[in-house]
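The values are calculated or read from the model by the stated rules, or taken from the named source; none is laboratory data. Because the structure is predicted, anything quoted here is derived from the model rather than measured. With ideal geometry, Cβ positions are generated from the backbone for all residues, glycine too; neighbour counts draw on all protein chains shown.
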Amino acid sequence: MTQEANETEALESPESVEHHDEPETKEVTTDDRVVEEPEVVTVSEETVASSENTAEDQIKAAHEKTKEYYERMLRISADFENYKKRSAREMDSFRKFANESILKDLLPVVDNLERAISSSAAAQGAEQCITEGVDLTLKEILRVLARYGVNPVEAQGKPFDPSIHEAVMQQESEEVPENTVLTEFQRGYTLHERILRPAMVVVSKAKQA
């Protein structure tokens with residue numbers, strides 16, 4: 001029993017208990033923390049100059065592009081204005097000459113009325129009344145034609161103009177200069193300053209010796 005008691009005391013004795021080292025806990029304070037300083041990037045002068053040149057090139061290219069677009073817009077605007085003016089002229093011309101064919105067809109009617117008046121110049125009595133009626137009709141038709149821009153061409157005694165006169169023959173004359181209209185066979189007319197029908201005329205020529 002004495003031996004067992006001794007063994008029990010030996011087991012319970014503090015000296016017999018093995019001490020295990022526990023890991024030490026180190027307190028971290030604010031002073032122990034590592035503060036990372038911001039990294040300083042060094043840019044060379046060449047890099048700065050290159051960036052400036054690139055920006056200037058971009059600005060210059062933008063200016064050139066803007067100038068190109070502006071000039072293109074001006075050209076388009078000018079073309080559109082020319083188109084409007086051309087369309088207005090064409091429309092005005094169409095309005096002026098839309099009735100050209102029917103007005104030209106009325107000219108023989110005028111010719112016949114003029115011949116009727118000329119042939120009955122010496123008429124008297126009832127015939128004279130008819131002549132006066134025909135003359136009034138002719139004047140009314142001429143007023144209507146003038147309203148639509150139809151006007152007679154001056155020919156008698158005028159210098160021959162091939163743009164408005166059509167020479168059917170030549171006749172020697174000492175009374176007027178050469179190439180002067182002596183006689184008008186058929187009156188010519190213009191429509192808004194465009195020749196509708198040339199005047200058929202006899203033109204003078206120098207008398208041969």
* To do: Kindly indicate which of ASN179, ASN151 is touching a Phe, Trp or Tyr at 6+ places or on another chain (Cβ under 9 Å) and either within 30 Å of ALA98 (Cβ to Cβ) or modelled with pLDDT of 95 or more (or both).
  => ASN151
* Asked: Just wondering, is there one or more residues in segment 189-206 that are of a type in the set (Val, Ile, Thr), out of contact with any Phe, Trp or Tyr (no Cβ under 9 Å at 6 or more places or on another chain) and either modelled with pLDDT under 95 or under 23 Å from PRO152 (Cα atoms) (or both)?
  -> yes
* Would you mind telling me which numbered condition in (1) modelled with pLDDT of 85 or more; (2) more than 19 Å from the chain's Cα centre (by Cα); (3) of a type in the set (A, V, I, L, M, F, W, C); (4) within 30 Å of GLY188 (Cα to Cα) ALA88 fails? => (2)
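Residues checked against (1) surrounded by 10 or more Cβ atoms within 10 Å (Cβ to Cβ); (2) within 49 Å of the chain's Cα centre (by Cα):
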site: PHE97; (1), (2): yes, yes
site: LEU103; (1), (2): yes, yes
site: VAL110; (1), (2): yes, yes
site: GLN124; (1), (2): no, no
site: GLN128; (1), (2): yes, no
site: THR131; (1), (2): yes, no
site: LEU145; (1), (2): yes, yes
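Yes or no: LYS158 in the same structural domain as TYR189 (by TED's automatic domain parsing), surrounded by fewer than 16 Cβ atoms within 10 Å (Cβ to Cβ), within 47 Å of the chain's Cα centre (by Cα) and in contact (Cβ under 8 Å) with a residue 12 or more places away in the chain? Before you say what the answer is, go through the steps one by one.
Working: in the same structural domain as TYR189 (by TED's automatic domain parsing): yes; surrounded by fewer than 16 Cβ atoms within 10 Å (Cβ to Cβ): yes; within 47 Å of the chain's Cα centre (by Cα): yes; in contact (Cβ under 8 Å) with a residue 12 or more places away in the chain: yes.
Considered against the rule, which asks whether it is in the same structural domain as TYR189 (by TED's automatic domain parsing), surrounded by fewer than 16 Cβ atoms within 10 Å (Cβ to Cβ), within 47 Å of the chain's Cα centre (by Cα) and in contact (Cβ under 8 Å) with a residue 12 or more places away in the chain, LYS158 comes out as yes.
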